[in-house]
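Read through the structure below, which is laid out as structure tokens, and then see the notes.
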Amino acid sequence: MRYIMLMVALIFGDGAVKNHIEENRAVNETTAYLEDRLVITNHHNYGGVMNFKDDKPHISLFSGMIALLVSAGLFLRSLADGNAIERTGASMLLAGGISNQWDRLKKGYVVDYFTIRIKGLSKIIFNISDWFIFLGGLFLVIGKIIRNR
């Protein structure tokens, strides 16, 4: 039950931030913080990762559905035989996927809103769900390594 609650909190938390950005910023309106290291922007991503295939949003919608099915499978499997790190990772991965896919279904695009200006990341616009997906995958790998030792 705690992993379901974690997912719900992550999904609704990210949704609240996305709604706040959409309601309080014009599209592509940008504000820099922390000596220009953190940039907040209302960006509409019509494609996949880093706007991949943004001219063909149906591809992003389809691939997102496949990713959700895989994530749901990983989540169910982690509940059955995974350790706490794997379960947390699977919860984060699935929550991030659900949140982004909800945007695609509801709005036709994913709301991305922050950039970290450091070497290699300065052109990429993220949202919190993207971090859930990244960290969730990392936790799954770490949990699996620990379990197999």
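For this structure, a couple of remarks:
- Ranking THR30, ALA80, VAL8 by Cα position along the charge dipole of the chain, where only Lys, Arg, Asp and Glu carry charges on their C-beta atoms, puts ALA80 farthest toward the positive end.
- Loop exposure criterion: GluC sites (Glu not before Pro), DSSP state outside H, G, I, E and B, at most 14 other Cβ atoms within 10 Å. Applied to the chain, the longest stretch between such sites is 36-149.
- Gyration tensor (Cα) of region 82-125, equivalent ellipsoid semi-axes in angstrom: 24, 20, 5
- The fewest-to-most ranking of ILE98, ILE146 by surrounding Cβ atoms within 10 Å reads ILE146, ILE98.
- Computed over the alpha-carbon pairs of region 3-50, the distance histogram in 10 Å steps reads 22, 39, 33, 6 percent, short to long.
- FRET efficiency for VAL8 and ILE124, using Cβ-Cβ distance with R0 set to 30 Å, rounded to 0.05: 0.65
- Kirkwood radius, the chain, all distinct C-alpha pairs, inverse of mean reciprocal distance: 16.0 Å.
- Residues THR30, THR88, THR41 arranged by fewest to most Cβ contacts within 10 Å: THR30, THR41, THR88
- For ARG25, ARG77, order by how many other beta-carbon atoms lie within 10 Å, fewest first: ARG77, ARG25
Throughout, read-outs are computed from the coordinates displayed, never taken from laboratory work. Values in this document were obtained by computation on a predicted structure and should not be read as measured data. Cβ coordinates were reconstructed from backbone atoms using ideal geometry, including for glycine residues, and neighbour counts include every protein chain displayed.
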